[in-house]
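Chemist: Please find one structure pasted underneath; my questions will follow.
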Amino acid sequence: MQFGVTDHIDAAGIPIADQIEERLRLVQYYEQLGFDRYMLTEHHGTPLSLAPSPHLFLAAASQRTTRIRLGTLVTLLPLYNPLRLVEEVGLLDQLTCGRLELGIGRGVSPVEMATYGIDPADTRAMFAEAYEVLTQAFCSDTVSHPGGSDSVRETMVVVPPVQDPHPPLWYGVASVERAEWAARNGINMMCLRAADVVRPFSDRFCEAWEETGRPLEERPLRGVDRALVIAENGDEARRVATDAYAAFRHSLMLLWDAAGITPPTTFPPTFELWQHLGGAFAGTPDEAYEFIIDQVEVAGLDTMNFHLAFGTISFDDTCRTAALFAEEVMPAFEGVSLGR
Amino acid sequence: VLASKFGIFDHIEDIPGTPTSRLFRDRLELIKTADEAGFAGYHLAEHHGGELCMAPSQELFIAAASQVTTQIRLGPMVKLLPMHHPVRIVEDICTLDQLTEGRLEFGVGRGAVPIEHYWFSHEWGGSRDLFTDTLGIVQRSLAGGEISSEGSRFFDFPPMPLSTRPLQERIPFWYPGSPVTAGRHGMSLMWPGKIDEAAHELYLRSWEQHRDSEIRMDGPGDEPRVGYSMLLAIAPTEREARDIAQRGMDGLVRRTRQSHRFDHLKLSADECDAAQAPLRAIIANMDTAVQFGAGTPNQIAERVAMLLDDGMCDYICFMFPAGDMTFDESRRTLDLFVTEVQPQLAQETAAG
């Protein structure tokens, strides 16, 4: 079973350059501990992201690491000129020496999409176009334009990715339909919803893959994304998580609250409640093991991603979670393929 | 701000036979060496859709370079403003300045290759206005901490507070091209080779005359600065150096010509001809560039000293690797510059 880390690089209240450097050191530490991948989200106009250009942070991380896979969760396709996107994906896969994992999405926050002057009503079509340009470029090393409305673009040659035919793709799934779409297109799925809500997505994902007739061992991964804090003492873990969560939630909710809109994923007022709703976990290594087993069984998973650094959590506390997870939880899953 | 008077200006052209990921690794190693040798800056060009520039998203490469260097200043030369959304440009500036810990130098330009503009969905004809419009948005957002399209003719997005910001109080901006434009917007001027006095005067005058211009990238106390770019190939014998430099220019010219090969799909014959004026200038200057930029360490030291002594030059950006130079030839050029040319220049300065 694979384990990854998800990060927003949300404002922790320290100088930005210091926080960026801390996060780069954390990526190195995750690699050293044996995490499989590090994935960065993309956000705009909000303290939820101090690196609104996630590809740049990953390019930097590529020079500090050699093994851990580096990715986005997700790159907001409508915000990129599709040509620039194709160029960045190729270049980033080159700079990481074939370690890129590319999350793709249309952007769920209308406020963030508006920062680029984009009408939320257009994002589905923009996503579809960018996805088509991207997948076409993966096959041919040139760029085309859907619908053939502008043949000039076809003359543009791009640097291809190292990975053949292309870096693994990820998609944030929140419906059975999109689970099916992801599976049919060979895209890994990552979910934020509670495990029991994810189950039908996961089941449909497997069925849809089976319908493609492709071998089971090539099936893309099904994952969920959870906040995680571990300490030897469970109360200590819960205290750290509770303290750190306030600033994280503030950053998460800021734009939604200001616009008076409800986000599609609920982030309740306290960490305890969040844990109760199934989006997060704080406790001892043994409890964390039980939590993961339960998640895997209820949701039907091949992998999990964890938010280890969020809000005002300290560098040392994040390191402790990562180390305890790697030393006391991860070994139990070595070579285990639990997904059903 | 620049630690020494020397920098590198690079396209990251393809080197046939070298795998792309190796190309980048080699280049990062070269920048690391330049950093350790006290070079002040590394500047990367932007081109799309061909082997003239293998790292068309310069920011990604510069972000990578930021992690293998500690002192050298880094940035695009130039960022083609019309190709990119202003919010992305500003966010990239902020992220890069933080990643480099305040080492960003930002060159801006319009983009000399027409087809690149059409690839990015706008007209070549309107790109000058788009450049100025975008520069204004960038300037206002860096000054005010909020990015807004207010007053823009091309963009419409609501004001957005910047969640991140540059580390430097003021990012140094460069402009290679018209001295009047560079001066008008308070940007440092990058010039191909030695500047003539008339152009220099034009730059200084424009800088002064437009102090109240709406778009000024400089800040209080900033002075006009002129950088020269020149091809460089150093070898133990002049003959060998010339051979290397010649291959450098040949390759650069060939690829620049190639980059214009689709212009006719969108432009009339006259427009195509006009768009190739910069290419013709490069070709016209080719022999001079080879003769001046190629030499033994002694010869290069003399010529560089002469440039630095002309009273107008603040900075020299060397172009290597370029064109069909091999990586090893570029590597040796850097090594000879560091071990032989620089000490000789330092000695002359001390003696003079």
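Chemist: Return yes when B:ALA37 is buried (at least 21 other Cβ atoms within 10 Å of the Cβ), out of contact with any Gly (no Cβ under 7 Å at 6 or more places or on another chain) and hydrophobic (A, V, I, L, M, F, W, C) and no when it is not.
Modeler: Here the answer is no, as B:ALA37 does not meet what is asked.
Chemist: I'm told B:ALA112 meets every condition in (1) closer than 30 Å to B:GLY183 by Cβ; (2) of a type in the set (Gly, Ala, Ser); (3) touching a residue at least 12 places away in the same chain (Cβ under 8 Å); (4) touching an Asp or Glu at 6+ places or on another chain (Cβ under 8 Å) except one. Can you identify the failing condition by its number?
Modeler: Result: B:ALA112 passes all but (4).
Chemist: Would you mention how many residues in segment B:222-245 are surrounded by 17 or more Cβ atoms within 10 Å (Cβ to Cβ) and farther than 30 Å from B:ARG331 by Cα?
Modeler: 2
Chemist: Taking the conditions exactly as written (among the hydrophobic types (A, V, I, L, M, F, W, C) and within 14 Å of chain B (Cβ to nearest Cβ)), does A:VAL158 satisfy them or not?
Modeler: Considered against the rule, which asks whether it is among the hydrophobic types (A, V, I, L, M, F, W, C) and within 14 Å of chain B (Cβ to nearest Cβ), A:VAL158 comes out as yes.
Chemist: Given (1) in contact (Cβ under 8 Å) with a residue 40 or more places away in the chain; (2) among the small types (Gly, Ala, Ser); (3) crowded, with 21+ Cβ neighbours inside 10 Å, where does B:GLY219 come up short, assuming only one miss?
Modeler: Failing condition for B:GLY219: (3).
Chemist: When the residues of segment B:27-72 are narrowed to those that are of a type in the set (Gly, Ala, Ser) and within 11 Å of chain A (Cβ to nearest Cβ), which ends up nearest to A:CYS97 (Cα to Cα)?
Modeler: Among those that are of a type in the set (Gly, Ala, Ser) and within 11 Å of chain A (Cβ to nearest Cβ), it is B:ALA64.
Chemist: Being aliphatic (A, V, I, L, M) and closer than 21 Å to A:GLU87 by Cα is the filter; apply it to segment B:27-50 and report the residue that is farthest from the chain's Cα centre (by Cα).
Modeler: If we take residues in segment B:27-50 being aliphatic (A, V, I, L, M) and closer than 21 Å to A:GLU87 by Cα, then B:LEU28 is farthest from the chain's Cα centre (by Cα).
Chemist: Answer yes or no as to whether A:ALA231 is small (Gly, Ala, Ser), more than 28 Å from A:ASN188 (Cβ to Cβ), in contact with a Leu (Cβ under 9 Å, 6 or more places away or on another chain) and touching a residue at least 60 places away in the same chain (Cβ under 8 Å).
Modeler: yes
Chemist: Say we look at segment A:160-214 and pick out the residues that are over 18 Å from the mean Cα position of the chain (by Cα) and among the small types (Gly, Ala, Ser); which of these is nearest to A:PHE3 (Cα to Cα)?
Modeler: Here the residue is A:ALA208.
Chemist: Restricting attention to segment B:91-106, does a residue exist that is of a type outside the set (Asp, Glu), more than 15 Å from B:LEU167 (Cβ to Cβ) and either more than 18 Å from the chain's Cα centre (by Cα) or away from every other protein chain (no Cβ under 12 Å) (or both)?
Modeler: No, segment B:91-106 contains no residue that is of a type outside the set (Asp, Glu), more than 15 Å from B:LEU167 (Cβ to Cβ) and either more than 18 Å from the chain's Cα centre (by Cα) or away from every other protein chain (no Cβ under 12 Å) (or both).
Chemist: Something else: Considering only segment B:115-159, state which residues are without any contact (Cβ under 8 Å) to a residue 24 or more places away in the chain, closer than 17 Å to A:ASN81 by Cα and polar (S, T, N, Q).
Modeler: If the condition is that a residue be without any contact (Cβ under 8 Å) to a residue 24 or more places away in the chain, closer than 17 Å to A:ASN81 by Cα and polar (S, T, N, Q), then B:SER121 is the only one that fits.
Chemist: Quick test for you: out of A:LEU83, A:LEU56, A:LEU91, pick the one residue that is facing another protein chain (nearest Cβ under 7 Å), without any contact (Cβ under 8 Å) to a residue 12 or more places away in the chain and over 19 Å from A:PHE310 (Cβ atoms).
Modeler: Going through A:LEU83, A:LEU56, A:LEU91 in turn, just one is facing another protein chain (nearest Cβ under 7 Å), without any contact (Cβ under 8 Å) to a residue 12 or more places away in the chain and over 19 Å from A:PHE310 (Cβ atoms): A:LEU56.
Chemist: For A:SER314, all conditions in the list (1) in contact with an Asp or Glu (Cβ under 7 Å, 6 or more places away or on another chain); (2) polar (S, T, N, Q); (3) surrounded by fewer than 17 Cβ atoms within 10 Å (Cβ to Cβ) hold save one; what is the number of the exception?
Modeler: All conditions pass for A:SER314, except number (1).
Chemist: Give the residue that is nearest to the chain's Cα centre (by Cα), with candidates limited to residues of segment B:11-26 that are more than 8 Å from chain A (Cβ to nearest Cβ) and among the β-branched types (Val, Ile, Thr).
Modeler: B:ILE12
Chemist: Can you tell me how many residues within segment B:124-145 are within 13 Å of chain A (Cβ to nearest Cβ), at pLDDT below 95 and surrounded by 13 or more Cβ atoms within 10 Å (Cβ to Cβ)?
Modeler: Looking only at that region, the number is 1.
Chemist: So if I check each of B:ARG153, B:ARG165, which one is touching an Asp or Glu at 6+ places or on another chain (Cβ under 9 Å), within 14 Å of another protein chain (Cβ to nearest Cβ), of a type in the set (Lys, Arg) and surrounded by fewer than 15 Cβ atoms within 10 Å (Cβ to Cβ)?
Modeler: Selected residue: B:ARG153, the only one of B:ARG153, B:ARG165 that is touching an Asp or Glu at 6+ places or on another chain (Cβ under 9 Å), within 14 Å of another protein chain (Cβ to nearest Cβ), of a type in the set (Lys, Arg) and surrounded by fewer than 15 Cβ atoms within 10 Å (Cβ to Cβ).
The values are calculated or read from the model by the stated rules, or taken from the named source; none is laboratory data. Keep in mind it's a predicted model, so treat the numbers as computed, not measured. Note: ideal-geometry Cβ built from the backbone for every residue, glycine included; neighbour counts use all protein chains shown.
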